[in-house]
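Peer 1: Here you go, one structure.
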Amino acid sequence: MTGASARTTAPGSGVGARRTREFRGMWLATVANRDWPSRPGLTAGEQRAELLTHLDTAVARRLNAVVLQVRPTADALWPSPYEPWAQCLTGVQGRDPGWDPLGTAVEEAHARGLELHAWFNPYRIAHTDPAHLAPGHPARLNPEWVLPYGGKLYYHPGLPEVRRFVQDAMLDAVRRYDVDAVHWDDYFYPYPVAGQALDDDAAFAEYGGGFPDKASWRRNNVDLLVSETAGRIRALGRRVGFGVSPFGVWRNATTDPEGSDTRAGVQSYDDLYADTRRWVREGWIDYIVPQVYWNIGFAAADYAALVPWWDGVVRGTGVGLYIGEALHKCGDPAQPAAWQDPRELSRHLTLAARYDGVRGHCYFSAKEVGVDRDGAMDLVVADHYPARARPPR
């Protein structure tokens with residue numbers, strides 16, 4: 001899935017810089033029917049038709065990868081023996097949609113020359129309470145596995161049996177289908193909610209011996225999830241990549257001199273207990289897609305500061321760096337002025353082309369790739385994607 005990719009022109013040559021291979025992806029989100037299906041309860045035929053439209057749009061935009069969310073809230077877009085059918089399909093968690101969405105997505109993506117990356121959320125269960133989960137859901141059968149926080153439910157990252165279960169649930173899909181990669185986003189420990197504490201004292205008392213503090217123990221829990229999953233994927237003996245798309249700031253330089261020149265309110269290392277830089281350095285992952293969802297010149301987290309910082313992180317590691325792009329902000333009147341300029345996103349790619357470590361981009365998300373509210377995606381394609389390209393090895 002990754003590997004060194006040659007540049008056909010010199011670094012710094014801007015729009016003209018082309019790679020022999022580069023990642024051009026889009027996220028296809030299913031949680032809360034964000035992108036697809038457009039609403040719950042469509043017929044199997046209608047769902048399939050919408051899925052194929054998204055794949056065809058990716059081809060038309062000269063993309064080469066679709067990152068499909070297949071386990072959005074501890075439920076599945078394939079017939080899983082571990083968890084119920086996803087609620088986004090029928091509107092009722094556990095109800096059989098009458099077809100195999102993941103199997104179809106893999107087959108149809110490959111038929112179009114697209115990679116299909118299976119996007120899983122390891123710990124997120126639901127946005128509500130256990131009573132809304134399907135009967136027989138593992139979280140209902142094992143309430144001790146569940147952490148409520150901020151009005152939502154999460155599998156407990158600190159329990160070894162939970163860590164094993166979520167790996168089993170995800171890897172079932174990898175064994176069944178010819179997916180090109182396992183993909184995780186930024187949700188590990190939940191994002192902080194002001195005034196609320198995560199109640200994991202009992203687990204820390206049982207499993208936290210030897211750690212100087214709870215934060216170190218939490219980070220180790222996530223490190224174990226990443227390293228163990230990496231090992232299990234590689235043990236399958238197939239060429240399946242493993243990528244993570246974390247929050248775009250590891251740590252601010254004001255917190256850690258090795259951090260980025262940012263002043264972000266959230267830092268993945270400190271707030272989500274996700275030591276994303278370590279995962280790259282240890283070689284546990286094949287690619288990383290930091291969500292650099294800010295404009296060039298944004299004071300707290302400048303795109304122009306974060307891209308070179310991430311380039312430095314991957315240098316010499318062999319881990320692919322693809323930049324997560326906030327297409328959803330383009331033309332949104334609620335966003336800062338920079339996002340009202342349709343050329344902002346194209347400028348991102350021009351800037352990123354100066355850095356050898358950057359081997360592509362991924363766009364959030366599929367709905368905007370198709371609708372293209374202000375023409376920003378049209379400009380990206382016109383300026384940077386004159387022809388289709390193969391993804392990195």
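Peer 1: Are there any pairs with C-beta distances below 6 angstrom linking a residue in the range 337-365 that is within 26 Å of LEU28 (Cβ to Cβ) to a residue that is hydroxyl-bearing (Ser, Thr, Tyr) and part of a loop (DSSP other than H, G, I, E, B), with the two at least 6 apart or on different chains, and if so which?
Peer 2: ARG359/SER5
Peer 1: Something else about it: Looking at VAL222, VAL193, VAL174, which one is buried (at least 18 other Cβ atoms within 10 Å of the Cβ) and in contact with a strand residue (DSSP E or B) (Cβ under 8 Å, 6 or more places away or on another chain)? Lay out the reasoning, then the answer.
Peer 2: Working: VAL222 fails: in contact with a strand residue (DSSP E or B) (Cβ under 8 Å, 6 or more places away or on another chain); VAL193 fails: buried (at least 18 other Cβ atoms within 10 Å of the Cβ).
Answer to the selection: VAL174.
Peer 1: Please pick out the residue among LEU133, LEU116, LEU102, LEU147 that is touching a residue at least 60 places away in the same chain (Cβ under 8 Å), at negative phi, in contact with an Asp or Glu (Cβ under 9 Å, 6 or more places away or on another chain) and of a type outside the set (Gly, Ala, Ser). Show your work before the answer.
Peer 2: On the way: LEU133 fails: touching a residue at least 60 places away in the same chain (Cβ under 8 Å); LEU102 fails: in contact with an Asp or Glu (Cβ under 9 Å, 6 or more places away or on another chain); LEU147 fails: touching a residue at least 60 places away in the same chain (Cβ under 8 Å).
The unique qualifying residue is LEU116.
Peer 1: Still on this model: Within the range 138-166, track down each residue that is closer than 18 Å to ALA32 by Cβ and either more than 24 Å from the chain's Cα centre (by Cα) or loosely packed, with under 13 Cβ neighbours inside 10 Å (or both).
Peer 2: Within the range 138-166, GLY151 is the sole residue that qualifies.
Peer 1: Only residues in the range 152-170 that are within 18 Å of PHE211 (Cβ to Cβ) and small (Gly, Ala, Ser) count as the first member; pair them with residues that are open to solvent by less than 20 Å² (accessible area, probe 1.4 Å) and not in a helix (DSSP H, G or I), Cβ under 7 angstrom, at least 6 apart or cross-chain, and list the lot.
Peer 2: GLY158/ASP200
Peer 1: On the basis of being under 21 Å from TRP184 (Cβ atoms), in contact with a helix residue (DSSP H, G or I) (Cβ under 7 Å, 6 or more places away or on another chain) and open to solvent by less than 20 Å² (accessible area, probe 1.4 Å), does VAL106 make the cut? Explain how you work it out, then say what you get.
Peer 2: Working: under 21 Å from TRP184 (Cβ atoms): yes; in contact with a helix residue (DSSP H, G or I) (Cβ under 7 Å, 6 or more places away or on another chain): no; open to solvent by less than 20 Å² (accessible area, probe 1.4 Å): yes.
Judged against the criteria, VAL106 is not a match.
Peer 1: Which members of the range 70-99 meet the condition of being in contact (Cβ under 8 Å) with a residue 60 or more places away in the chain and of a type outside the set (D, E, K, R)?
Peer 2: Within the range 70-99, VAL70, ALA74, ALA76, TRP78, SER80, PRO81, TYR82 meet the criteria.
Peer 1: When you go through VAL193, VAL182, VAL166, VAL222 one by one, which is the residue that is assigned to a loop (DSSP other than H, G, I, E, B) and at negative phi?
Peer 2: Values: VAL182 fails: assigned to a loop (DSSP other than H, G, I, E, B); VAL166 fails: assigned to a loop (DSSP other than H, G, I, E, B); VAL222 fails: assigned to a loop (DSSP other than H, G, I, E, B).
After ruling out the rest, the residue left standing is VAL193.
Peer 1: Restricting the search to the range 225-255, which residues are open to solvent by less than 30 Å² (accessible area, probe 1.4 Å), part of a loop (DSSP other than H, G, I, E, B) and within 20 Å of PRO192 (Cα to Cα)?
Peer 2: Of the residues in the range 225-255, the ones open to solvent by less than 30 Å² (accessible area, probe 1.4 Å) are 225-226, 229-230, 233, 240-246, 248-250, 252.
Adding the requirement that they be part of a loop (DSSP other than H, G, I, E, B) leaves 240, 245-246, 248-250.
Within the range 225-255, SER245, PRO246, GLY248, VAL249, TRP250 meet the criteria.
Peer 1: Now for a separate question. Sort out which residues of the range 49-83 are open to solvent by less than 20 Å² (accessible area, probe 1.4 Å) and farther than 25 Å from GLY241 by Cα, and write them in order of number.
Peer 2: Passing the criteria: none in range.
Peer 1: Looking for whichever is of a type outside the set (A, V, I, L, M, F, W, C), under 22 Å from the mean Cα position of the chain (by Cα) and within 21 Å of ILE285 (Cβ to Cβ) here; the options are GLU115, GLU83. Which one fits? Quick ask: steps written out before the conclusion?
Peer 2: Numbers: GLU83 fails: within 21 Å of ILE285 (Cβ to Cβ).
Step by step, each of GLU115, GLU83 is checked, and only GLU115 is of a type outside the set (A, V, I, L, M, F, W, C), under 22 Å from the mean Cα position of the chain (by Cα) and within 21 Å of ILE285 (Cβ to Cβ).
The values are calculated or read from the model by the stated rules, or taken from the named source; none is laboratory data. Note that the coordinates shown come from a computational prediction; the quantities given were computed from them, not determined experimentally. Note: ideal-geometry Cβ built from the backbone for every residue, glycine included; neighbour counts use all protein chains shown. All accessible areas refer to the heavy atoms of the entire protein, side chains included, with ligands and DNA or RNA removed. Shrake-Rupley method; radii C 1.70, N 1.55, O 1.52, S 1.80 Å.
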